[in-house]
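Read-outs: derived from the displayed coordinates by stated rules, not from any lab. As the structure is a prediction and not an experimental result, all values here were calculated from the model. FYI the Cβ positions are ideal-geometry reconstructions off the backbone, even for glycines, and counts take in every protein chain you see.
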Amino acid sequence: MEKVKVTINIAIMIEELRKQGVSTDEILSLLHKGDPKNFDEYGKGFPDWESFIGFYEKNQEHAVKAIEEGYCLTFLTKGSLQTLLRIKFDLQPESDYQVHEKYLDEIKMTTENFTLLKSLLAPNWVINKECFDQEKGVHVLRIELVQHTKQGV
């Protein structure tokens with residue numbers, strides 16, 4: 001089954017709510033009410049709760065599927081990938097992985113998180129190195145920006 005594609009802003013708002021303990025049913029109920037003030041106790045949103053409600057109102061079926069079944073991202077900058085790693089997986093740059101110009105290295109994840117990351121990673125990034133550390137029980141990854149070249153120019 002193909003996952004619903006969402007922007008990083010929508011993903012961040014979903015994950016921020018989940019991180020604060022808001023259930024899937026509660027998220028959907030708040031969206032159905034359509035009042036951004038109902039989200040105030042959870043922060044400002046990213047960029048704001050009005051855009052999250054707009055995402056829901058524009059295509060409820062798409063939004064519900066993304067919230068209930070998961071999503072994949074349409075595009076990620078290096079900064080937004082780092083934000084995703086921080087919010088969704090509680091990983092911090094330098095302490096949990098190394099940041100390089102075109103890739104992130106030495107990212108350590110459980111098998112469950114590794115599987116989840118693979119399912120939501122935007123197509124402009126690729127996991128190009130992965131090994132399993134038996135001793136620690138984690139996957140060690142390198143995620144690299146996909147390079148596109150123009151031909152015939």
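Once you charge only the Cβ atoms, +1 for Lys and Arg and -1 for Asp and Glu, what is the size of the charge dipole of segment 4-73 about its Cα centre, to the nearest 20 debye?
180 debye
Tell me, what is the percent relative contact order of segment 78-145, built from C-alpha pairs under 8 Å that lie six or more residues apart?
That works out to 30 percent.
Out of these labelled values of Cα extents along the principal axes in Å, (1) 49, 45, 30; (2) 52, 25, 25; (3) 57, 30, 26, which was calculated from the coordinates shown here?
Looking at Cα extents along the principal axes in Å for this model, the match is (1).
Need one number: nm distance between label points at K5 and Q98, each 7 Å from Cα along Cα→Cβ, rounded to one decimal.
With each label point 7 Å from Cα toward Cβ, the separation is 3.3 nm.
On a full-extension model of 0.36 nm per residue, what is the gain between K129 and N38, subtracting their alpha-carbon distance, rounded to one decimal in nm?
Length difference between fully extended and current span is 28.5 nm.
Given a Förster distance of 25 Å, report the FRET efficiency between T111 and E69 from their Cβ-Cβ distance, rounded to the nearest 0.05.
Taking R0 as 25 Å, the efficiency between T111 and E69 is 0.80.
Just tell me the longest site-free run in the chain, where the sites are trypsin sites (Lys or Arg not before Pro) in a DSSP loop having at most 12 other beta-carbon atoms within 10 Å.
45-101
Kindly provide the helix-only [θ] at 222 nm of the chain, computed as the sum of -39,500 (n - 2.57) over DSSP H runs of four or more divided by all residues, to the nearest 500 deg cm²/dmol?
Dividing the helical sum by the residues of the chain leaves -12500 deg cm²/dmol.
Residues of segment 88-102 with the amide nitrogen closer than 17 Å to a label point 7 Å from the Cα of Q20, along Cα-to-Cβ, please.
Residues 88 qualify, since their backbone N sits under 17 Å from the label point.
Using modelled backbone amide H atoms (1.01 Å from N, in-plane), which distant-in-sequence or interchain residues come within less than 5 Å of V138's amide H?
So V138 has HN proximity to D133.
Can you run phi through the Karplus equation (6.51, -1.76, 1.60; θ = phi - 60°) for segment 12-22 and list ³J(HN,Hα) in whole Hz, with x for Gly and Pro?
Whole-Hz 3J(HN,Hα) from phi for segment 12-22: 4, 5, 4, 5, 4, 5, 5, 4, 8, x, 7.
Amide H of N124 versus every other amide H placed in the peptide plane: which residues, excluding those fewer than 5 positions away on the same chain, fall under 5 Å?
L76
Taking a cut-off of 15 Å, what percent of all Cα-Cα pairs in segment 4-73 are separated by more than that?
45 percent
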